[in-house]
Amino acid sequence: MEADEIIRLEQRYVLGTYKRAPFVLERGEGAYLYDTRGRRYLDMVAGIAVNALGYGDAEVLGAMAAQARRLMHVSNLYHTAPHALLARDLVECSFADRVFFCNSGTEANEAALKFARKWQRVNRPGEDRSEIIAFTGSFHGRTMGALSVTHREKYRTPFEPLLPGVRFLPFNDVAAARRGIGPQTGAVIVEPLQGEGGVNPATSEFLQALRDSCDAHGALLIFDEVQCGLGRTGTLWAYEPSGVTPDLMTLAKPLGGGLPLGATLLTERVAAAIAPGDHGSTFAANPVVCEVARVVLSRITAPGFLEDVRRRSAYLEERLRELQRRHRLVVEVRGRGLIWGVELSVDAAPLVTAGYERGLIVTTAGERVLRIVPPLVVNEAQIDEAVTIIDGLLTEAERPEA
Ligand SMILES: *Cc1c(COP(=O)(O)O)cnc(C)c1O
């Protein structure tokens, strides 16, 4: 089928919640995507930080096919080995003692908010602990609970009223956090590195202040590592360099290796408040996605993998800082590991569109930030290729007539 015809069908029959790029993708290989016209694109989006191992990874495909032949879905009424083993693997490499599985990032956050509320209900009966603290620039998802703690007005306003008791404090503001978190607070939710909000790393002092205030007032601390977790920032968990651990943590994007999987990790102290029937999911963590997730986790935690991510991170950072020195449109370059934002003094969307013409896929984070989130297996030559194209896009955008 011709690309134009496919695009016409999507525009005619699919609900218009997305503005899609003007080509039709057909296959992927490593860090490259190919469209139906045979054009090749270097992919610096990776399905929005999902495809950590790139496209067509042999071990992922092998695990998926083998498990699909054995057993694909039975619901959560029954035990299966892949489910048990993945939960063990996640606990063994994190702060957590238990895992709840779901299908997406927003669901992982819904679960975290419910578990935090239940914990307060069980441990502090009679107290009003309904306040949830979130932060400016946050993105936690699109369902009503997660949307309630998402900061951007454009996403929220059409759907109000949202969950009551949510208060936004300024991100990375230690004094405001100390003042704002109190005996009325039930939970605090934060991304250790904000993705959609513009690629903003939280400072260690800020995360430590949240931990201290939560402990002082009996509130639970939730880290949303849906985008920044699982090696994206150069450590397995984005919270690691801060030395601060949460009470709950949410994961999704890269966890299922391209299949839908979310998870809410929690300490035993919090888990003790949860009983059968409190939460659930029909689809979550089927044996196929669990087998794939075990491959993803074992590869990211394999000796040398994250050191290598950090090496390529340093290289990408150096190349992006060069761009910043050479182009007046670049206001700031920030990030960690293999998630970087290039903040511009103009809208970033036209550069994304122009990138498609040159065979590069990048995306935005907010209005003025180009977001670069390649597969974690991207190599230096591919980084050079991406930076060269972005260099050309910036040069073009800086021409007086542009
Ligand atoms: C993408 C994202 C979500 C939402 O995940 P979905 O799978 O799209 O529901 C939540 N939190 C963060 C930090 C994200 O980047």
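The values are calculated or read from the model by the stated rules, or taken from the named source; none is laboratory data. Predicted, not measured: the structure shown is a model, and the values here were computed from it. Virtual Cβ from ideal backbone geometry, glycine too; neighbours counted across all protein chains shown. We work out accessible area using only protein heavy atoms, side chains counted, and drop any ligands, DNA or RNA first. Shrake-Rupley method; radii C 1.70, N 1.55, O 1.52, S 1.80 Å.
Over the residues of the chain, the helix contribution to mean residue ellipticity at 222 nm works out to -12000 deg cm²/dmol, using -39500 (n - 2.57) for each DSSP H run of at least 4. Note on the chain: with neighbouring protein chains present and a 1.4 Å probe, carbon and sulfur make up 53 percent of its accessible heavy-atom surface.
If the segment from residue 66 to residue 176 were pulled out straight at 0.36 nm per residue, it would be longer than the present Cα-Cα gap by 34.4 nm.
Over every Cα atom in segment 127-220, the radius of gyration and the widest Cα-Cα span, Dmax, amount to 12.8, 37 Å. Taking all protein chains together, 135, 283 sort by accessible area into 283, 135, largest first [probe 1.4 Å].
Each 5 Å bin from zero holds the following percent of Cα-Cα pairs in segment 243-324: 3, 11, 13, 15, 18, 16, 10, 6, 4, 2, 1. Calculation over all alpha carbon pairs of segment 61-120 in 5 angstrom steps from 0 returns a P(r) of 4, 13, 18, 23, 23, 12, 4, 2, 1 percent. A Cβ-based charge dipole, computed about the Cα centre of the chain with Lys and Arg at +1 and Asp and Glu at -1, lands at about 540 debye.
Dimensions of segment 189-242 based on its C-alpha atoms, expressed as ranges along the principal axes with the largest first, amount to 31, 21, 17 Å.
Normalised per residue, the accessible area of the chain is 45 Å², obtained with a 1.4 Å probe and no contribution from ligands, DNA or RNA. Karplus-based coupling profile of segment 60-74, in residue order and whole Hz: 4, 5, x, 5, 5, 5, 4, 6, 4, 5, 6, 6, 10, 8, 9, with θ = phi - 60° in 6.51 cos²θ - 1.76 cosθ + 1.60 and x standing for Gly or Pro.
For segment 81-165, the fraction of C-alpha pairs more than 16 angstrom apart is 63%. Neighbours of residue 91, meaning other residues whose beta-carbon lies under 9 angstrom from its beta-carbon, give a summed charge of -1 when Lys and Arg score +1 and Asp and Glu score -1.
Please report the base-10 log of the normalised intensity I(q)/I(0) for the chain, using a Debye sum with one equal scatterer per alpha carbon and no solvent, at each q in 0.11, 0.13 (1/Å). Evaluating at q = 0.11, 0.13 Å⁻¹ gives log10 I(q)/I(0) of -0.83, -1.16. For segment 286-402, the equivalent ellipsoid derived from the alpha-carbon gyration tensor has semi-axes of 30, 16, 12 Å in decreasing order.
Here the Debye sum runs over all C-alpha atoms of segment 29-72 as equal scatterers in vacuum, and log10 of I(q)/I(0) at q = 0.18, 0.20 Å⁻¹ comes out as -0.64, -0.72. Relative to the compact-globule estimate of 2.2 N^0.38 Å, the Cα radius of gyration of segment 163-259 comes out at 1.07.
Of the residues 141, 18, 315, the one whose Cα sits farthest toward the positive end of the charge dipole of the chain, with +1 on the Cβ of Lys and Arg and -1 on the Cβ of Asp and Glu, is 141.
A straight line joining the Cα centroids of segment 151-178 and segment 1-53 runs 33 Å.
Among the GluC sites (Glu not before Pro) in segment 335-402, those placed in a DSSP loop whose Cβ has at most 16 other Cβ atoms within 10 Å are 367, 401.
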